[in-house]
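Structure record follows, encoded as structure tokens.
The values are calculated or read from the model by the stated rules, or taken from the named source; none is laboratory data. If you're wondering where the values come from, they're calculated on a predicted model, not measured in any experiment. Heads up, the Cβs are rebuilt from the backbone with ideal geometry, glycines too, and the neighbour counts pull from every protein chain shown.
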Amino acid sequence: MQTKQQKLDAASRAAGKKSRSYYVDAMMRLRKNRSAMVCLAIIVIFIFIALAADWIAPYDPYEIDLKNILAKPSAEHWMGTDEQGRDIFSRILFGTRISLAVGLVSQVISTALGVVLGSIAGYYGGKIDMLISRMMEIFSAFPDLLFAIGIMFVLGPGIINIFIALGILGWVGTARLVRSQVLQIKEMEYVAAAKSSGATSFWLITRHMIPNCVSTIIILITMGIPGAIMSEASLSFLGLGVHPPTASWGSMINTGRIYILSDPTYSVFPGIAIIILVLAFNIFGDGLRDALDPRLKD
Amino acid sequence: MEKLIEVKNLKTYFYTEDGVVKAVDDVSFSIEKGKTLGIVGESGSGKSITSLSIMRLVQSPPGKIVGGEVLFHGRDLLKIPLNEMREVRGNDIAMIFQEPMTSLNPVFTVGRQIAEAVMIHQNCDKKKAWEKAVQMLSLVGIPNPEKRIKEYPHQLSGGMRQRVMIAMALSCSPELLICDEPTTALDVTIQAQILDLINELKERTGAAVIMITHALGVIAEVADDVIVMYCGRIVEHADVHSLFKEPLHPYTQGLLRSIPRLDQNDEKLSSIPGMVPKMTQMPDGCPFHPRCHCALDICRQVSPEAFPVRGRMVRCLKYHPEYEQQWKEEAAGE
Amino acid sequence: MSNAQNAPLLEVQGLKKWFLVKKGHFGRPDRYVKAVNGVDFTVGAGETLGVVGESGCGKSTMGRSVMRLIEPTAGTVRFDGVDFTALSPQELRKRRADMQIIFQDPFASLDPRMTVGDIIGEPMDIQKLHASRAEREEHILDLCQLVGLDHDYLKRYAHEFSGGQRQRIGIARALALSPKLIVCDEPVSALDVSIQAQVINLMEEIQQKRGVAYIFISHDLSVVKYISDKVAVMYLGKIVEIAPKNRLYDVAAHPYTQALMSAIPIADPDHGRRRIRLEGDLPSPMNLPTGCCFHTRCPYATERCAQEEPELKLVGENHYCACHLTVG
């Protein structure tokens, strides 16, 4: 008994020293990817701005100052003011909230839908798979933006409706990928091994299928966020997005469009903000995929 | 006999995140016309990288040929410009790989692929090239070549695909054919057909062959000379008869004893303990010493060079004249 | 001795697995791949049955159908006195503990997201074998010792290990429920020569210690000869010959077995040989030849072979062969 205990101790000691899980490995690889880390830093800064906009913004983004409309960038107003004299810099800071919220919430909705439907279709196959697959085909037959416009038209503008529209829009891609992943994992021999020990379907799905899909899902979320941000900007640009006077990058570009010849900076600054945030998410997503993709492992 | 190709002190290193991997470390050998050289080794022994280095097909980065010479008809292939090297590949030296499916383009018919190879290398017109393709397919024993030539790779069985690869490799009558595990993915009866075919074609065309494989049985069947590789180095180089009759290097001995054989009855298999060391963490001294049943202290410190023993080259201190005495003393002491 | 003691551990009769490839419409018949097309054999307790054949002969499908990892199309599998093919899903899940499997691919067979300890412990968790965690850990450590794995590997992930070590992990998992029979599906084919011998020796050692029976499926006749007590040769979904190993390797009766044996390269350049050369390729299992399925490639085929299907018949002591030309 003594020796058994010693063995257990030795095992746990050694384990503490050497355990290197797949995710630890992936994070180490990610940390070596400099551009991904820079983009992560940018994303973190944007998140900080979104959370702290109340404190860091130099002006109230809704404060109308009619004496000072369409001011050029100056020491007082770094990015100038808009047609109602509101500080553009402050409005961009507050607009971060909308963009990030839309990105995150819509992805949560679409991922939840996609994972559930995709894994059901992949695991059970047959008629259920056929039904879900046909649904995916119908959804992907519409151009994305047109589809979103249609939903927004029915639901009416507003942030919650944007969440719903973009969430419904995004599930197809996730479901398709999860389905193919599950189909692949289903054929893996470790699944057969678990089955040969008497595992139930529930066991196979929760212990093998889902843990092996997680990295794909993480990548999908990261890659889906910039798309959602762009869609929100497009919808707001078309006037189908958030209610004015809420500051949103898309609606700012839309209003700035009128003054593009006299005051180009009005729409250029929110445009730059979109570009930076979307690019940061895209490059970070690429890096994350490289780090998590097991095919690149030795 | 004239030496067709002579490899001298070839070194190919891989620069990885975990350090430098000496995939091919000071490998030298030569082949005469019409002979077959077998290269055996386990995975990671550097046998495939050796052949890729000769063809200058090592992926770079991370791989790099850092030294040595590959003299083909006296010309150093490592020094000629790339466009000349492209002429050599296919024309003078051809290669066959393990998995014929990935080496054939799935969207073209096999005939087109062979004909294109012929057209590139022999400057002939399309009609002639197709005729040649049919001829090659019948040469490698594919029934109905006129019909098969219009088929796509996926319509052929594994053995047929390997035959197509051989036909393609031989279509420009190369002087050297490098076969990298050509039969590993095939069944035994098909393997026998392919080995017979390679032997037959070698005799007919007088080409030299490098046969790379992990299967000792295949080597015994086709090779004239054998190189045994371990961790990027040649540990033993001998003619096939003496190697199988009396292997000298402990690794070769271990390998031969660890395969079950049809012609022998139920002797206990003796396995080589442990496993191949990580290429980034090579042990000091002889790389085989951690697994060697007769390793001595000296083996942990000194990494021997290859030297001649009984008409062959061996890389083991056990046989080295300088250390032989020391080895015997230590062996006696233990 | 009672009848129960005499009965073999595993008795397979008329096992068939047909895969539907094309549904026949408008009155045309359905098209099947007849991967396993009626096989009978027995395996005694503690015995090793080797199954050899070329790729596509149905040997892997046969192994999985016996375990009901794939539902067989027809036939019965009596295992340890129970008709496996008649069990309900719940009963089957419980009974599965006695019949485990080891796979060829040491990479696809271990879940990359699980630690080695959890992989070996998974069967115990599924069958709720242990009440306490300590008991489970102890069992895992015992298994590690048995298969020669270091204890400090347990908290690490499978991708950190070489093929040989992974195969040891797979063997430990298969032994976790102390099965009576293990189906070994090409367990050493993916390993290096020197590691192959280690794993084969380990499997022999385990058999001696635990008395487990093996169905050892492989394309490598030399390995099968080494490890088996008796050997079945499969061709296109059928067993064409089955015999105690020494009989089979000394006096192979079926022309296919003879050709297969003569095709194996022998690691001796001075070994004289007469090779029986088989022409052509394996016919598609979707369009099986009439009569004897081997007649299209058989050097001795006669008119009769093309029309009449031969039955397995006794040609020597415990030696069965399905060929019209061999006399009993």
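Data overview
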item	result
When residues of the range C:250-266 are limited to those that are closer than 20 Å to residue C:305 by Cβ and in a loop (DSSP other than H, G, I, E, B), the one nearest to the other protein chains (Cβ to nearest Cβ)	C:252
Restricting the range C:221-238 to residues that are within 23 Å of residue C:17 (Cβ to Cβ) and among the charged types (D, E, K, R), the residue that is nearest to the other protein chains (Cβ to nearest Cβ)	C:230
Condition check for residue A:215: farther than 18 Å from residue A:106 by Cα and within 14 Å of another protein chain (Cβ to nearest Cβ)	yes
Among residues of the range B:24-47, those that are surrounded by fewer than 20 Cβ atoms within 10 Å (Cβ to Cβ), of a type outside the set (Asp, Glu) and in contact with a strand residue (DSSP E or B) (Cβ under 7 Å, 6 or more places away or on another chain), counted	6
Qualifying residue in the range A:286-296 (condition: assigned to a loop (DSSP other than H, G, I, E, B), surrounded by fewer than 18 Cβ atoms within 10 Å (Cβ to Cβ) and within 14 Å of chain C (Cβ to nearest Cβ))	yes
Evaluation of residue B:237 against (1) more than 10 Å from every other protein chain (Cβ to nearest Cβ); (2) assigned to a helix (DSSP H, G or I); (3) in contact (Cβ under 8 Å) with a residue 60 or more places away in the chain (one fails), failing number	(2)
The range B:262-277, residues that are of a type outside the set (A, V, I, L, M, F, W, C) and either free of Cβ contacts under 8 Å to residues at least 12 places away in the same chain or not in a loop (DSSP other than H, G, I, E, B) (or both)	B:263, B:264, B:265, B:266, B:267, B:268
Close pairs from the range B:1-19: first free of Cβ contacts under 8 Å to residues at least 60 places away in the same chain and farther than 26 Å from residue B:281 by Cα, partner surrounded by 13 or more Cβ atoms within 10 Å (Cβ to Cβ) and of a type in the set (Lys, Arg), Cβ under 7 Å, at least 6 apart	B:1/B:33; B:2/B:33
Filter result (of a type in the set (Gly, Ala, Ser) and over 20 Å from residue A:245 (Cα atoms)) within the range A:53-82	A:74, A:75
Failed criterion for residue B:166 (all others in (1) within 14 Å of chain C (Cβ to nearest Cβ); (2) within 21 Å of the chain's Cα centre (by Cα); (3) among the β-branched types (Val, Ile, Thr) hold)	(1)
Qualifying residues in the range C:281-323 (those that are in a loop (DSSP other than H, G, I, E, B) and touching a Ser or Thr at 6+ places or on another chain (Cβ under 7 Å)) - the one modelled with the highest pLDDT	C:289
Residue selected from the range C:172-181 under the condition of a type outside the set (A, V, I, L, M, F, W, C) and at negative phi, by the criterion farthest from the other protein chains (Cβ to nearest Cβ)	C:180
Enumeration of residues in the range B:202-242 that are in contact with a strand residue (DSSP E or B) (Cβ under 7 Å, 6 or more places away or on another chain) and of a type in the set (Lys, Arg)	B:202, B:233
Residue selected from the range A:26-67 under the condition more than 23 Å from the chain's Cα centre (by Cα) and crowded, with 17+ Cβ neighbours inside 10 Å, by the criterion nearest to residue A:84 (Cα to Cα)	A:61
Residue match in the range C:129-143 (condition: surrounded by 21 or more Cβ atoms within 10 Å (Cβ to Cβ) and within 28 Å of residue A:214 (Cα to Cα))	yes
Per-region count, the range B:112-128, residues part of a helix (DSSP H, G or I) and either under 30 Å from the mean Cα position of the chain (by Cα) or modelled with pLDDT under 80 (or both)	11
Cross-chain or 6+ apart pairs with Cβ under 8 Å, the range C:53-72 first and within 11 Å of another protein chain (Cβ to nearest Cβ) and acidic (Asp, Glu), then outside any loop (DSSP other than H, G, I, E, B) and buried (at least 21 other Cβ atoms within 10 Å of the Cβ)	C:54/B:188; C:54/B:189; C:54/B:190; C:54/C:235; C:54/C:260
Matching residues, the range B:81-95, being hydrophobic (A, V, I, L, M, F, W, C) and over 17 Å from residue B:4 (Cα atoms)	B:82
Residue within the range B:26-48 that is at positive phi, in contact (Cβ under 8 Å) with a residue 12 or more places away in the chain, among the charged types (D, E, K, R) and not in a loop (DSSP other than H, G, I, E, B) present	yes
Residue match in the range C:241-249 (condition: free of Cβ contacts under 8 Å to residues at least 12 places away in the same chain, assigned to a helix (DSSP H, G or I) and within 11 Å of another protein chain (Cβ to nearest Cβ))	yes
Qualifying residues in the range B:251-286 (those that are more than 8 Å from every other protein chain (Cβ to nearest Cβ) and among the small types (Gly, Ala, Ser)) - the one surrounded by the fewest Cβ atoms within 10 Å (Cβ to Cβ)	B:274
Candidates C:217, C:169, C:206, filtered to the one that is in a strand (DSSP E or B) and either away from chain A (no Cβ under 12 Å) or surrounded by 20 or more Cβ atoms within 10 Å (Cβ to Cβ) (or both)	C:217
Elements of type strands (runs of 3 or more DSSP E) in the range C:1-90, at least 2 residues being among the aliphatic types (A, V, I, L, M) and over 30 Å from residue C:249 (Cα atoms)	C:10-22
Members of the range A:134-163 that are exposed (fewer than 15 other Cβ atoms within 10 Å of the Cβ) and outside any loop (DSSP other than H, G, I, E, B)	A:134, A:137, A:138, A:140, A:141, A:145, A:146, A:150, A:153, A:154, A:155, A:160
Pairs where the first residue, in the range C:114-126, is surrounded by fewer than 21 Cβ atoms within 10 Å (Cβ to Cβ) and the second is in a helix (DSSP H, G or I) and of a type outside the set (Ser, Thr, Tyr), C-beta under 7 Å, 6+ apart	C:124/C:136; C:124/C:139
Filter pass, residue C:121 being assigned to a helix (DSSP H, G or I), more than 16 Å from residue C:166 (Cβ to Cβ) and more than 8 Å from every other protein chain (Cβ to nearest Cβ)	yes
Residue satisfying condition, being out of contact with any helix residue (DSSP H, G or I) (no Cβ under 8 Å at 6 or more places or on another chain), part of a helix (DSSP H, G or I) and not polar (S, T, N, Q), within set A:214, A:278	A:214
Number of the condition not met by residue C:232 [criteria: (1) buried (at least 24 other Cβ atoms within 10 Å of the Cβ); (2) in a helix (DSSP H, G or I)]	(2)
